[in-house]
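Here the structure is laid out as structure tokens; the discussion comes afterwards.
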Amino acid sequence: MRAALHGWTVRHAPGWRAVPVESLHVTLVFLGATPPERVEDLLAALHAVEAIAPVLRPAEVHRLRRLVALELADEGARAAGLAARLATAFARLGLHEPEKRSFWAHVTLARARQGARPSAPSGPFPAIGAFTTSRAALFASAGGRYERLGFRDLSQG
């Protein structure tokens, strides 16, 4: 699925910088700067929350000011529920300030290059049906690169 999304972005979003295929993801909770010595606490919290594998379905491509995002329909609000449980667990650790806006299930497909104002992507979107997310991961990110620090298999509940 990620390869199909990346391929579509490269072909139908000229002027945009496509997110590398291996970096396509859905962010459940954004933590910001976190002390490295607290990573184990985050991983323990990730493994402690009730996990139900979210079922997501591509819904609509959005061109925002600096990015192109694929909105995902969140069947049964499972991803939103998992995001809320994780946000609560991380806040209890003092490592997250819950956001005021509601969770938006999406994948960032492309970003605008510095100073560029590219046009909206066009072209037929690939036929991708619903998919079940299999893992929730904790990532460190810097400069658009992601390093997986640990993960939880969501199919194990």
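The values are calculated or read from the model by the stated rules, or taken from the named source; none is laboratory data. Predicted model, so just to flag it, every value in this text is computed and none were measured. A quick note on method: Cβ atoms are made from the backbone with ideal geometry, for glycine too, and the neighbour counts reach across all protein chains shown.
Among the residues making up region 105-123, those that are surrounded by fewer than 15 Cβ atoms within 10 Å (Cβ to Cβ) and either within 30 Å of Pro36 (Cα to Cα) or out of contact with any His (no Cβ under 8 Å at 6 or more places or on another chain) (or both) are Arg113, Gln114, Gly115, Ala116, Arg117, Ser119, Ala120. Across region 72-89, what is the number of residues that are over 19 Å from Gly32 (Cα atoms) and surrounded by fewer than 16 Cβ atoms within 10 Å (Cβ to Cβ)? Residues in region 72-89 being over 19 Å from Gly32 (Cα atoms) and surrounded by fewer than 16 Cβ atoms within 10 Å (Cβ to Cβ): 4 in total.
Every condition in (1) under 24 Å from Val39 (Cβ atoms); (2) surrounded by 12 or more Cβ atoms within 10 Å (Cβ to Cβ); (3) over 18 Å from the mean Cα position of the chain (by Cα) holds for Arg92 except the one numbered (2).
Of all residues in region 106-139, those satisfying the criterion of being touching a helix residue (DSSP H, G or I) at 6+ places or on another chain (Cβ under 7 Å), closer than 22 Å to Leu67 by Cα and either part of a strand (DSSP E or B) or of a type in the set (Val, Ile, Thr) (or both) are Val107, Leu109, Ala110, Ile128. Scanning region 66-76 for residues that are farther than 19 Å from Val21 by Cα, among the aliphatic types (A, V, I, L, M) and in contact with a Lys or Arg (Cβ under 9 Å, 6 or more places away or on another chain) turns up at least one hit. If only residues of region 35-63 that are of a type in the set (Val, Ile, Thr) and within 15 Å of the chain's Cα centre (by Cα) are counted, the one that is surrounded by the fewest Cβ atoms within 10 Å (Cβ to Cβ) is Val55.
Looking only at region 145-157, filter to residues that are touching a helix residue (DSSP H, G or I) at 6+ places or on another chain (Cβ under 7 Å) and not aliphatic (A, V, I, L, M); which one of those is nearest to Ala79 (Cα to Cα)? Among those residues, the one meeting the criterion is Arg152. Taken over region 2-16, the criterion of being more than 15 Å from Glu60 (Cα to Cα), touching a helix residue (DSSP H, G or I) at 6+ places or on another chain (Cβ under 9 Å) and not aromatic (Phe, Trp, Tyr) is satisfied by Arg2, Ala3, His6, Gly7. Within the set Arg78, Arg57, Arg113, Arg66, the sole residue that is more than 24 Å from Leu149 (Cα to Cα), at pLDDT 95 or above and in contact with a strand residue (DSSP E or B) (Cβ under 8 Å, 6 or more places away or on another chain) turns out to be Arg57.
The set of residues from region 1-34 being β-branched (Val, Ile, Thr), buried (at least 19 other Cβ atoms within 10 Å of the Cβ) and in contact with a Gly (Cβ under 9 Å, 6 or more places away or on another chain) comprises just one member, Val19.
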